[in-house]
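Novice: Got a structure for you, questions after.
Just so it is clear, none of the values below were taken in a lab; they were calculated from the coordinates. For clarity, every value in this text was computed on a predicted model and none was experimentally measured. Here the Cβ positions follow ideal geometry from the backbone for every residue, glycine too, while neighbour counts run over all protein chains shown.
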Ligand code: GRG
């Protein structure tokens, strides 16, 4: 199966999983579940759940657990972070995934609660769907909890907010922000998939390193797209970083060097994938596709 066919098949599988494992929109309180589904069903690349599914497939078929609930859990956490990031107290944005942000389509309190509920639901899914494999369940909960917590996703977001109107941010601080705000969830997705595939600690460390490089490449590209593509292509407000006076790879290094840095990180990720056992063709193609993406 070629890369695009496989990617699309995993996107469809993810979307069927979202439908199956998240309470229906008519569940009481309807407004809350409508808002959760509104944001989840707005599309998005589904990169992180696809990474869970792809990483599981790398390892021993006999040891594999069903990765779909974990893939859904990761997308729930990612979507919560987007909803909260768009709130007036953070980025105050109107456009996400090509449509009105959750607090514009509903209201601020509902958007806040929808984000909270998605975050909580993710851990409920992990605890319930992997209960018969307690060691796996614990490792998934620990991995996602660490990635989404104050040392990583939320910590990165905090420093990102503190960096507003500070165009002189030090490159090491920018790397801290991106390693945590962006790479943490990408890394968690790949590691969770690897754990579900039965990977041992050494293999987990190898996939962690490669996915960290992929996460940084992804974020540098995101900075380049934010500076070069219109909102209509991105499905979210373009040029936001410059407007908020934030440092980015583009503002610190210029477009040309930012492109080179993205290539370097992408090459490091490719090297990491190629050194793994198993068929890494999909992860290699995914990394190349993400490095060349336009949205
Ligand atoms: C509120 C705790 C908290 C964190 C927010 C996700 C986030 C952190 C901020 C959004 C802004 C941003 C540029 C984040 C970096 C990560 C990133 C590029 C997210 C968007 O991921 P995509 O492009 O989104 O995969 P889709 O919509 O395709 O899923």
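Novice: Among 236, 62, rank each residue by its count of other Cβ atoms within 10 Å, from fewest to most, as a rough exposure measure.
Specialist: Ascending number of Cβ neighbours within 10 Å: 62, 236.
Novice: Follow-up question, since we're still on this one. Which residue fluctuates the most in the chain, going by a Gaussian network model with Cα springs under 10 Å, if the choices are 133, 274, 212?
Specialist: 133
Novice: In deg cm²/dmol and to the nearest 500, what is the mean residue ellipticity at 222 nm of the chain if only DSSP H runs of at least 4 residues count, each as -39500 (n - 2.57), divided by the residue total? All intermediate terms of the calculation are to be shown ahead of the outcome.
Specialist: On the way: 15 runs with 205 residues, N = 295.
My calculation for the chain gives -22500 deg cm²/dmol from helical runs alone.
Novice: Using only C-alpha positions, report the orientation-averaged shadow area of the convex hull of region 3-291, nm², one decimal.
Specialist: 14.0
Novice: Could you give log10 I(q)/I(0) at q = 0.12 Å⁻¹ for region 165-295, computed by the Debye formula over C-alpha point scatterers of equal weight, without solvent?
Specialist: Those come out to -0.48, one per q.
Novice: Can you tell which of 56, 132, 280 shows the greatest fluctuation in a Gaussian network model of the chain with Cα springs below 10 Å?
Specialist: Looking only at 56, 132, 280, the largest GNM fluctuation is found for 132.
Novice: Extending each Cα 7 Å along its Cβ direction at residue 175 and residue 20, get the distance between those two points in nm, one decimal.
Specialist: 4.2
Novice: Per the Cauchy relation, a quarter of the hull surface: what is the mean projected area of the convex hull of the alpha carbons in region 131-221, in nm²?
Specialist: Orientation-averaged projected area of the Cα hull: 6.3 nm².
Novice: I need the P(r) histogram for region 1-119: all alpha carbon pairs, bin width 5 Å from 0 out to the longest distance, whole percents.
Specialist: Taking every Cα pair in region 1-119, the percentages come to 2, 12, 21, 21, 17, 12, 8, 5, 2, 0.
Novice: Arranged by the count of other C-beta atoms within 10 angstrom, fewest first, what order do 176, 106 take?
Specialist: Going from least to most buried by this count: 176, 106.
Novice: From Cα pairs below 8 angstrom and at least 6 apart in sequence, can you work out the relative contact order of region 129-222, rounded to a whole percent?
Specialist: On the way: 88 pairs, mean separation 28.1, N = 94.
Contact order relative to length: 30 percent.
Novice: At a 10 Å Cβ-Cβ cut-off, how would you order 21, 130, fewest neighbours first? Walk me through the intermediate numbers first.
Specialist: Numbers: 21 20, 130 23.
By the 10 Å Cβ count, ascending, the order reads 21, 130.
Novice: Using only Cα atoms, locate the centre of region 25-62 and the centre of region 163-219, then give the distance between them in Å, rounded to an integer.
Specialist: 20
Novice: Do you know the relative contact order of the chain, to the nearest whole percent, from alpha carbon pairs under 8 angstrom that are 6+ apart?
Specialist: 20 percent.
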